[in-house]
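As structure tokens, the structure follows; a few thoughts come after it.
The values are calculated or read from the model by the stated rules, or taken from the named source; none is laboratory data. Source: prediction; values computed, not measured. Note that we place each Cβ from the backbone using ideal geometry, even for glycine, and neighbour counts take in every protein chain shown.
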Amino acid sequence: MPWYFSLTASVIVILIGVYKKLNIGLIMLLGALTLGLLSGLPFTTMTKVFFNGFLNNITVMLVVSIILLGVLGNILKETGALEEAVKNLQNLVADIRLISVAMPALIGMLTVPGGAILSAPLCAEAGSKLNLPPHRQAAINIWFRHVLYFMLPLFPSLILASQISGVPISHFVLINLPLTMIGMISGFYLLFRGYKSSKNSSNFSWFRLWNLTRSILPLIFIMLLVVIFELYFPLAIAAGVILALLNYLPAENILATVIKRFKTLIIPGIKLPVALVIIGIMVYKEMLEETAVLIDMTNLVLGLSIPVLVLIIFIPFLVGMLTGDNSASVAVIFPMFIPLLPVGSALAFSAYTAYLYVSSTAGHIISPAHPCFALTKEYFKEEIRGLVIPLLPLLLIVMITGLGITLLLSCF
């Protein structure tokens, strides 16, 4: 069967699974099986592909990292660190607009699927004090939760993008940092435009500032280890987990409390369905390579003489929007596009790869299939149009900024 039929069929299987809300890992395994069967691969070859997808070094690293991130999020929530961060933030910041921005951003750092529902009530409370309409409150919740994901090293799809492309996570962070900052500034201006600042009763003290820093210290520690010291990612997260586990310990019975926390916080935080997501994605990647579909698709695209930059602007955005899951989008897009990217300097390659990720993430943010989008829509009782219209200009600003950065860095 021609490669384009087998590839299209596998993508359709994935999309159907996404809209049926099945586990993404299971969907990707079914997509891989569909691709292999329709490509005519022998049973022994398919078995080998599945085995390699399950047990290669990248899969193991990603599974360990994602499981540890789930454990970290559970510890921060159950020890009261997240609640402490929110409380101290409200006491420290006078401008309610800044509180509306900080709440979803702070909770978004936990990278919990569908976590926008946690920050939605906080955004609604702050927004009501500013007399913001519900669609603005909803857009604020979505945008400031996800704008950091363009460069947040804790975001699973960025970890995946780094492993598939071979570009260090620190490169993604540094290249996408400017567009993230511009996205935050633009979001603040456009989403609060026309609404005057309302002051909250703040009570600044260095003690409260230390309490805020302490509550998110494990997250800061991980990012420093990854971005500055480029420590192996699972080790960095493990260090953050240990720090979170030892945070907020009582003055007495420290050892007994640590043992209790291990049983009640670490073990419940292990989410095996999330591990299946990574395994399914990596098996699908292996199947794409084994069937040589990527080579055929690359040759077709090169034959059409379409500029690569045009392709990476539109195709990843569309796939991200259709799947509503950035990890699935990255798993499909990156193996297809990496061979097409310029192979000049390492900096140029990193810039194109980072923009490939930006495009996919932008489509993911605005997708109706995206859990955060759907949950926010339901919470604020808004129509899809009401959320999309305020977000589109922001996505356009981010993508244009990213394009400029890519073109600039490709000159070196």
*Residue list for region 339-359, restricted to those being among the hydroxyl-bearing types (S, T, Y) and either under 18 Å from I306 (Cβ atoms) or not in a helix (DSSP H, G or I) (or both)*: S345, Y352, Y355, S359
*Considering only region 249-316, give the helices (runs of 4 or more DSSP H) lying wholly within it that have at least 2 residues that are among the aliphatic types (A, V, I, L, M) and more than 28 Å from the chain's Cα centre (by Cα).*
254-261, 293-304
_In region 38-61, the residues that are of a type outside the set (S, T, Y) and not in a helix (DSSP H, G or I)_ = G40, L41, P42, N56
*When you look at I267, is it under 30 Å from I27 (Cα atoms) and without any contact (Cβ under 8 Å) to a residue 40 or more places away in the chain, yes or no?*
yes
*Determine whether region 31-43 contains at least one residue that is under 26 Å from F373 (Cα atoms) and either of a type outside the set (V, I, T) or modelled with pLDDT of 85 or more (or both).*
yes
*State all residues of region 248-265 that are touching a helix residue (DSSP H, G or I) at 6+ places or on another chain (Cβ under 8 Å) and surrounded by fewer than 18 Cβ atoms within 10 Å (Cβ to Cβ); if no residue qualifies, say none.*
Y248, L249, P250, V258, F262, T264
*Working only within region 166-197, note down all residues that are surrounded by fewer than 14 Cβ atoms within 10 Å (Cβ to Cβ), among the hydroxyl-bearing types (S, T, Y) and outside any helix (DSSP H, G or I).*
S197
*Which of (1) closer than 22 Å to Y355 by Cβ; (2) out of contact with any Phe, Trp or Tyr (no Cβ under 6 Å at 6 or more places or on another chain); (3) surrounded by fewer than 22 Cβ atoms within 10 Å (Cβ to Cβ); (4) of a type in the set (S, T, Y) is the odd one out, the single condition S157 does not satisfy?*
(3)
_Qualifying positions in region 270-311 - free of Cβ contacts under 8 Å to residues at least 24 places away in the same chain and either crowded, with 20+ Cβ neighbours inside 10 Å or of a type in the set (S, T, N, Q) (or both)_ = N299, S305
*Considering every residue within region 215-237, establish whether at least one is at pLDDT 85 or above, among the β-branched types (V, I, T), more than 22 Å from the chain's Cα centre (by Cα) and closer than 17 Å to I66 by Cα.*
no
*Would a scan of region 177-200 turn up a residue that is farther than 26 Å from V388 by Cα and at pLDDT 95 or above?*
no
*asked:* Step by step: first the residues of region 6-40, then only those that are touching a residue at least 24 places away in the same chain (Cβ under 8 Å) and exposed (fewer than 15 other Cβ atoms within 10 Å of the Cβ), then the one that is farthest from K285 (Cα to Cα). Which residue is that?
replied: Y19
*May I ask you to list the residues in region 203-218 that are closer than 12 Å to A85 by Cα, assigned to a helix (DSSP H, G or I) and in contact (Cβ under 8 Å) with a residue 24 or more places away in the chain?*
R208, L209, N211, L212, R214, S215, L217
*Looking at K77, K48, K21, K87, which is the one that is at positive phi and out of contact with any Gly (no Cβ under 8 Å at 6 or more places or on another chain)?*
K21
_Looking only at region 338-389, and only at residues there that are in contact with a His (Cβ under 9 Å, 6 or more places away or on another chain) and of a type in the set (S, T, Y), the one that is surrounded by the fewest Cβ atoms within 10 Å (Cβ to Cβ)_ = S350
_From the list L217, L212, L179, exactly one residue is in contact with a helix residue (DSSP H, G or I) (Cβ under 9 Å, 6 or more places away or on another chain) and farther than 20 Å from N91 by Cβ. Which is it?_
L179
*Sort out which residues of region 52-66 are buried (at least 20 other Cβ atoms within 10 Å of the Cβ) and of a type in the set (A, V, I, L, M, F, W, C), and write them in order of number.*
L62, V63, I66
*Consider F144 carefully, then state whether it is surrounded by 19 or more Cβ atoms within 10 Å (Cβ to Cβ) and part of a helix (DSSP H, G or I).*
yes
*Which residue out of L76, L82, L89, L72 is in a helix (DSSP H, G or I), within 17 Å of the chain's Cα centre (by Cα) and either crowded, with 18+ Cβ neighbours inside 10 Å or among the aromatic types (F, W, Y) (or both)?*
L72
*Quickly run through region 375-386 and pick out the residues that are out of contact with any Gly (no Cβ under 8 Å at 6 or more places or on another chain), touching a residue at least 12 places away in the same chain (Cβ under 8 Å) and part of a helix (DSSP H, G or I).*
T376, K377, Y379, F380, I384, G386
